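I have placed the structure first, in the form of structure tokens, so that the comments after it can refer back to it.
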Amino acid sequence: MTQAGPTGDVPTGRSARALLGNAQVLAGSARAVLDDHRGAVETARAALDPLLDSLVDHGLASIPVSRLTEVTEGRLRLGALEQAGYGTVGRVHGAGRYELRQIPGVGAQTADQVLAAARQIARAVRDSVAVRMDVDAPDAATTSLLVALHRLVGGGPDVRRAVDAARRLTAELEPLLTTAAPARSRLRMLFSGRAAGDLALAAVAAVRGVLRDSDARELRTLFAQVSVDLLRGPVSEAEAWVDFELRPADYYSLLAELSGSGPDRDAAQGFLPAGIADRVRGLRLDDTCLRVSLRGYQSFGARFALTQKRVILGDEMGLGKTVQAIAALAHLAAGGETHFLVVCPASVLINWRREIEARSTLRAVPVHGPERQDAFTEWRERGGVALTTFDALHSLPDGPGGGVRPGMVVVDEAHFVKNPATRRSRAVSGWTRHTDRVLFLTGTPMENRVEEFRSLMHQLRPESAPLVTSTHGVAGSHAFRRAVAPAYLRRNQDDVLGELPALVQADEWEEFSPADLEAYRDAVGSGHFMRMRRAAYARPETSAKLNRLRELVSEAEDNGLKVVVFSYFREVLRTVQEALGDGVFGPLSGSVPAARRQDLVDSFGATEGHAVLLSQIQAGGVGLNIQAASVVILCEPQIKPTMEHQAVARAHRMGQIRTVRVHRLLAADSVDQRMLDILARKDRLFDAYARRSDVAEATPDAVDVSDGDLARRIVEEEQMRLAAEV
């Protein structure tokens, strides 16, 4: 039976009862998911709290009791406490009010103030501590926590998706069911009055709409599956540790959420102005097409790209710029967009394909190689994410000429197109001119000079590029960041990935052997900068650097650790390969096809225990994930500080579960030392502008230190120094 009214034909009586009963079953499933999730969270928190309490106690034990006066702005007098042996905040925090009042000179008011101040510091410490899982030294407490977390992690992103959907559904459906109740009976409708009857019919119509939407999204199946996942029995301790090693980032993300110790909000939002940050937070990210849970800062990055439309995501290496880009594409796909384009170096095209297929339901279409025209035609007709390289892009018809307008163009390693005169830059511009949404990914847009950053801005927002001038360099980093905030977001590892294990960096200074020194003098005499840089390996049998490298690799082998060795020079890598003997992977170099590079990295990671991978820093420092390695050896310092940063970040990135040790091999009184002296200044300048910083005023010429100028300066200084020693 249906009744016509202001909402159209709406079921009443028996039909309404069936409809509303169906809705009540769905609402019950949603409530069950929320209850099951709440139970799993409470179990995990019960295992987490003792670990957090222990970390807090340890932190408070190192804080002198005098710090309590800072909390109360100097109003507390602590002499009596200190004389009684309460020397730390931890000692006070562990005491009760009665215990403190037994101390001569401590009254009830003082005891209450002292305890309140100690609790305030304890809360601050708790917000800053993070539990870390040591796979090499598991204990009972962390093992219990892993077992508890496994139930939540095991369900994957469906758990979060189901919980979010269940919360929205119950909030929407339950009030409607109450209002629609009279429609269950024609008699009740007659006695409800016209106004209440109309409200009931409107509620029934709304319930019907909610059910249709839920069926289209298959929420019943989702709720049922997630409830099963959340109610599974606990896994074994061994299974929990194995699963943690496979996906540590998922566990640490959940830990940060449960403990409330996630990154500072301003840091996670790249210290953007409040107006922009509020607008970004206001966008709800549609994760229907995603297969992965995002960290909070990653969700913000994807929403920044969507809200601001034409932007540079300049996160430090290792923070997941690729997955943020995929999340933005997935959001647009869920909204009906069908075509996307990703432009990247050939070395990372395979990685992009893997990431898209693993982390989303989007279709990846490689448009590269001899069959690229056919692949382009197929993408144009069927849609998906076209993956192409800078070198291949120019051969594809762009914009309207290509017959397709992508919903978003993503340019990975976008600093490759900072020179507008190059063919690759012109090809990228051909596409970005005709696309509303453009996302540039790069960790080094400010590598040497403000002008390079302005060049990227010119492609994204021509009207804003003139606002970024060398004047901002003179004015300092704050002026620079204010000028670029609408189109630039950068976060650093230290700000948003508190769970990363320690990064231990050691400069391994070596003295030249007599043969090393002879080879180095010959190189300096020739005035050949690159010969000077690799001279330390010219005489392998007596090379001090090579001897130290062997020692480091041997130590890593004793501890079952994997090693990646980076050098700028293929010749140096061949020398290292000969010195280490058989069983070494690589070397990776620009001449190795991208597919083969990924195969080498995969084989290296799959090897049980110790292994060594050799790579040119230009080839392995971009795009590849080498977090299987926990020892990184740099054979020589690099001209560009960012090249070293990128190479180290290949290992020290999200997903790493062990301390990463970085050893930089350096020769004293050589080109190495001269480079470090000059590059330290470049590195500080980069930090001041590409990162948020309060340090350093700068001038345009200070930012612009070209490679050629640096090489000439070092050669001249070394020639003068060695001549003076003769």
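The values are calculated or read from the model by the stated rules, or taken from the named source; none is laboratory data. Note that the structure is a prediction, hence the values are computed from the model and not measured. Virtual Cβ from ideal backbone geometry, glycine too; neighbours counted across all protein chains shown. Please note that ligands, DNA and RNA were not included when accessible areas were found on the heavy atoms of the full protein model with its side chains. Shrake-Rupley method; radii C 1.70, N 1.55, O 1.52, S 1.80 Å.
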Those residues of segment 491-507 which are surrounded by 17 or more Cβ atoms within 10 Å (Cβ to Cβ) and part of a strand (DSSP E or B), in sequence order:
L503
Among the residues of segment 634-645, which ones are within 20 Å of E551 (Cβ to Cβ) and either out of contact with any helix residue (DSSP H, G or I) (no Cβ under 6 Å at 6 or more places or on another chain) or in a helix (DSSP H, G or I) (or both)?
L634
Helices (runs of 4 or more DSSP H) wholly in segment 68-127 with at least 1 residues that are open to solvent by 70 Å² or more (accessible area, probe 1.4 Å), touching a Phe, Trp or Tyr at 6+ places or on another chain (Cβ under 9 Å) and among the aromatic types (F, W, Y) - which ones?
none
Filtered residues of segment 351-360 (kept if open to solvent by 10 Å² or more (accessible area, probe 1.4 Å) and either among the small types (G, A, S) or in contact with a Lys or Arg (Cβ under 8 Å, 6 or more places away or on another chain) (or both)):
A358, R359
Does A414 satisfy the criteria of being small (G, A, S) and surrounded by fewer than 20 Cβ atoms within 10 Å (Cβ to Cβ)?
no
Qualifying positions in segment 411-461 - in a loop (DSSP other than H, G, I, E, B), within 27 Å of the chain's Cα centre (by Cα), modelled with pLDDT under 90 and within 19 Å of Q308 (Cβ to Cβ)
T442, G443, P445, M446, R461
Within segment 507-533, the count of residues that are over 44 Å from the mean Cα position of the chain (by Cα) and basic (K, R) comes to 1
Determine whether segment 574-590 contains at least one residue that is farther than 30 Å from P345 by Cα, in a loop (DSSP other than H, G, I, E, B) and in contact with an Asp or Glu (Cβ under 7 Å, 6 or more places away or on another chain).
no
Hits in segment 543-564 - residues which are more than 33 Å from the chain's Cα centre (by Cα) and closer than 12 Å to E510 by Cα:
S543, A544, K545, L546, N547, R548
Just checking, which of V612, V648 is of a type in the set (V, I, T) and in a helix (DSSP H, G or I)?
V648
I'd like to check something: does segment 545-555 contain any residue that is surrounded by fewer than 22 Cβ atoms within 10 Å (Cβ to Cβ) and not in a helix (DSSP H, G or I)?
no
Search segment 85-108 for residues that are on the phi > 0 side of the Ramachandran plot and pair each with any residue that is assigned to a helix (DSSP H, G or I) and at pLDDT below 90 when their beta-carbon atoms are under 9 Å apart and the residues are at least 6 apart or on different chains.
G105/G79; G105/A80; G105/L81; G105/Q83
Would you call T170 under 18 Å from H58 (Cβ atoms) and hydroxyl-bearing (S, T, Y)?
no
If you scan segment 417-433, which residues turn out to be in contact with a helix residue (DSSP H, G or I) (Cβ under 8 Å, 6 or more places away or on another chain) and open to solvent by 10 Å² or more (accessible area, probe 1.4 Å)?
K418, N419, P420, R424, A427, S429, R433
Got a number for residues in segment 270-295 being within 13 Å of the chain's Cα centre (by Cα) and either free of Cβ contacts under 8 Å to residues at least 60 places away in the same chain or surrounded by fewer than 16 Cβ atoms within 10 Å (Cβ to Cβ) (or both)?
1
State the number of residues belonging to segment 663-682 that are modelled with pLDDT of 85 or more and buried (at least 19 other Cβ atoms within 10 Å of the Cβ).
10
What are the residues in segment 136-162 that are of a type in the set (A, V, I, L, M, F, W, C) and surrounded by 15 or more Cβ atoms within 10 Å (Cβ to Cβ), if any?
L145, L146, V147, A148, L149, L152, V153, V159, A162
Look at segment 251-285 and say how many of its residues are over 21 Å from M654 (Cβ atoms), of a type in the set (K, R) and part of a helix (DSSP H, G or I).
2
Of everything in segment 119-161 that's of a type in the set (G, A, S) and under 24 Å from the mean Cα position of the chain (by Cα), which residue is nearest to L290 (Cα to Cα)?
G156
What are the residues in segment 361-389 that are open to solvent by less than 40 Å² (accessible area, probe 1.4 Å) and farther than 24 Å from A330 by Cβ, if any?
G369
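Which residues, counting only those in segment 337-346, are open to solvent by 20 Å² or more (accessible area, probe 1.4 Å) and modelled with pLDDT under 95?
Listed by number, the list holds a single entry, A346.
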In segment 565-601, how many are loosely packed, with under 14 Cβ neighbours inside 10 Å and within 25 Å of the chain's Cα centre (by Cα)?
1
Residues of segment 296-325 being of a type in the set (S, T, N, Q), open to solvent by 20 Å² or more (accessible area, probe 1.4 Å) and free of Cβ contacts under 8 Å to residues at least 40 places away in the same chain, which ones?
S299, T307
(1) in contact with a Leu (Cβ under 7 Å, 6 or more places away or on another chain); (2) farther than 19 Å from E355 by Cα: which one isn't true of A333, the others all being true?
(2)
